[in-house]
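I have placed the structure first, in the form of structure tokens, so that the comments after it can refer back to it.
The values are calculated or read from the model by the stated rules, or taken from the named source; none is laboratory data. Please read these numbers as outputs of a predicted model, since none were measured by experiment. Glycine also receives a Cβ, built like all others from the backbone with ideal geometry; neighbour counts cover every protein chain displayed.
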Amino acid sequence: MVQNETNTVDLSQKSTEALKQELLELTNDRDADPLSQKVAFYKNQLAPYFAELSQRNPFPQVEDQVKLVLGVWRPVWSTIPFQDIFPGRLYEQSYQIFQDNGYYANMARYAPGHKLPILRKLAARLLTYDFMILQKFEVQDNQWFIQNVGIEQAFRLNVTPLSVEQAAAWLTKAVQTRLQKLAAQANLESLEVKNVSRSTAKKYEKIFRATPQLEHLYIDRDFRLVKSQRETKQRPSYTIAVRI
């Protein structure tokens, strides 16, 4: 406890930009760590940074955060458990994209075995798996309200990476398709997870049926600290995201 208090005092003397940079340095190349290790790392080292920056949040009113959040973000470090249910996530090809139509998505490319030397030379010939959770967002009573509305999947040859432009276009197409379906039939939101194991599909079904909670502990135009919970009884998750 004394150490945390000392750290808090030290951190309070630093500039906001310095704190943000230190967080990025501390978490550099650590998003692939096991979840239990990341949770402990947050508690033991990152929590004082989150607490200090949350006190300096330049946009504490949720209504003011909407315009800031629009665009493309990369989660550089997170304790959200669902992101790595599939093996082989490419962290540099993981995105969170907010559109001004009330939709956003978490998406990533997965290439199982891409780190194994024996498969590295064959990477361009292997199939990759692109996965997107499509969500709706709105603000009411100074709170973010999130709804899971769909899942999109695509198998592609690993010839070119999942770029920002491709990810944004994929999201736009998914939203357009969903709006067209909703115009024809109400309450069409459903879960369709194909080509995965039954246990994995059940995990995603549980995630999909939840009502996520989201809070920006800190947000500016290029940097976000996010606290989220899939359910109120679930352990909170923490994410550091930077604008692309």
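Restricting the first residue to the range 57-75 and requiring it to be more than 17 Å from Tyr104 (Cβ to Cβ), which pairs with a second residue that is modelled with pLDDT of 95 or more meet a Cβ separation below 7 Å and a spacing of at least six or different chains?
Asn57/Leu217; Asn57/Tyr218; Asn57/Ile219; Pro58/Asp220; Phe59/Gln65; Phe59/Leu68; Phe59/Ile219
Which of the residues spanning the range 155-166 are among the hydrophobic types (A, V, I, L, M, F, W, C), under 22 Å from the mean Cα position of the chain (by Cα) and loosely packed, with under 13 Cβ neighbours inside 10 Å?
Phe155
Consider the range 29-56. How many of its residues are in contact (Cβ under 8 Å) with a residue 24 or more places away in the chain, part of a loop (DSSP other than H, G, I, E, B) and farther than 16 Å from Asp222 by Cβ?
Adding up the residues that qualify gives 3.
Quick one: Val139 ticks every box in (1) farther than 16 Å from Val72 by Cα; (2) surrounded by 16 or more Cβ atoms within 10 Å (Cβ to Cβ); (3) among the aliphatic types (A, V, I, L, M) bar one, so which box is it?
Val139 satisfies every listed condition except (2).
So which residues in the range 57-113 are at positive phi and either hydrophobic (A, V, I, L, M, F, W, C) or more than 15 Å from the chain's Cα centre (by Cα) (or both)? Give the steps one after another, and end with the answer.
Keep residues of the range 57-113 that are at positive phi, which gives 71, 88, 102, 113.
Gly88, Gly102, Gly113, listed by residue number.
Look through Gln65, Gln83 and report the one residue that is at pLDDT below 95, out of contact with any helix residue (DSSP H, G or I) (no Cβ under 9 Å at 6 or more places or on another chain), part of a helix (DSSP H, G or I) and under 20 Å from Pro212 (Cβ atoms).
From the options Gln65, Gln83, the qualifying one is Gln83.
Can you pull out every residue in the range 113-141 that is at pLDDT below 85 and either part of a helix (DSSP H, G or I) or touching a strand residue (DSSP E or B) at 6+ places or on another chain (Cβ under 8 Å) (or both)?
Going through the range 113-141, the residues at pLDDT below 85 turn out to be 113-127.
Of everything in the range 113-141, those that are at pLDDT below 85 and either part of a helix (DSSP H, G or I) or touching a strand residue (DSSP E or B) at 6+ places or on another chain (Cβ under 8 Å) (or both) turn out to be His114, Pro117, Ile118, Leu119, Arg120, Ala123, Ala124, Arg125, Leu126, Leu127.
Tell me which strands (runs of 3 or more DSSP E) are completely within the range 142-244 and hold 1 or more residues being closer than 27 Å to Pro112 by Cα and at pLDDT below 90, or say none if there are none.
Values: elements: 143-157, 213-219, 223-229, 237-243.
It comes to 143-157.
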